[in-house]
Amino acid sequence: MEKDMETIVLLDEDGNEIEFEVVTKLDIEDSEYVIVAPMDGDEEEAVALKIIKDEDGNDVLVTVEDENEFEMIAEAYETLFADDLN
């Protein structure tokens with residue numbers, strides 16, 4: 001995924017397009033993640049998504065389901081933005 005990407009459009013469960021701001025991209029333990037927030041919401045509604053490759057080698061964003069993996073991402077995010085959060 002391109003590092004300078006600022007927004008992405010994702011489909012919700014009803015097939016509606018929602019534009020998200022890419023807050024940051026994280027590389028953790030050989031995996032890539034993006035933190036995105038809805039353009040019409042606030043950063044407290046941010047979502048962590050894992051970047052994987054499909055069978056054709058294209059980037060695909062998937063929801064992080066594993067609680068331990070999510071905690072690892074949250075900790076990395078908080079460490080990066082600790083000054084901004086205080």
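The values are calculated or read from the model by the stated rules, or taken from the named source; none is laboratory data. These numbers come from a predicted model, not from an experiment. Here the Cβ positions follow ideal geometry from the backbone for every residue, glycine too, while neighbour counts run over all protein chains shown.
Things to note:
- Scan of the range 42-54 for residues that are assigned to a strand (DSSP E or B) and in contact (Cβ under 8 Å) with a residue 12 or more places away in the chain, ordered by number: V47, A48, L49, K50, I51
- Near pairs, Cβ below 6 angstrom, 6+ apart or cross-chain, from the range 55-73 (surrounded by 12 or more Cβ atoms within 10 Å (Cβ to Cβ)) to any residue that is part of a helix (DSSP H, G or I): V64/F70
- For the range 1-10, a residue qualifies if it is surrounded by 10 or more Cβ atoms within 10 Å (Cβ to Cβ) and assigned to a strand (DSSP E or B), and the qualifying residues are T7, I8, L10.
- Close pairs (7 angstrom Cβ cut-off, 6 or more residues apart or separate chains): exposed (fewer than 14 other Cβ atoms within 10 Å of the Cβ) in the range 11-32, in a loop (DSSP other than H, G, I, E, B) anywhere: E19/M39
- Scanning the range 11-28 for residues that are modelled with pLDDT of 90 or more and in a loop (DSSP other than H, G, I, E, B) yields D14, G15, N16.
- Yes/no for A76 being in a helix (DSSP H, G or I), without any contact (Cβ under 8 Å) to a residue 60 or more places away in the chain and among the small types (G, A, S): yes
- Selection within the range 29-41: residues that are charged (D, E, K, R) and either in a strand (DSSP E or B) or touching a strand residue (DSSP E or B) at 6+ places or on another chain (Cβ under 9 Å) (or both). The member of this set that is farthest from A82 (Cα to Cα) is D40.
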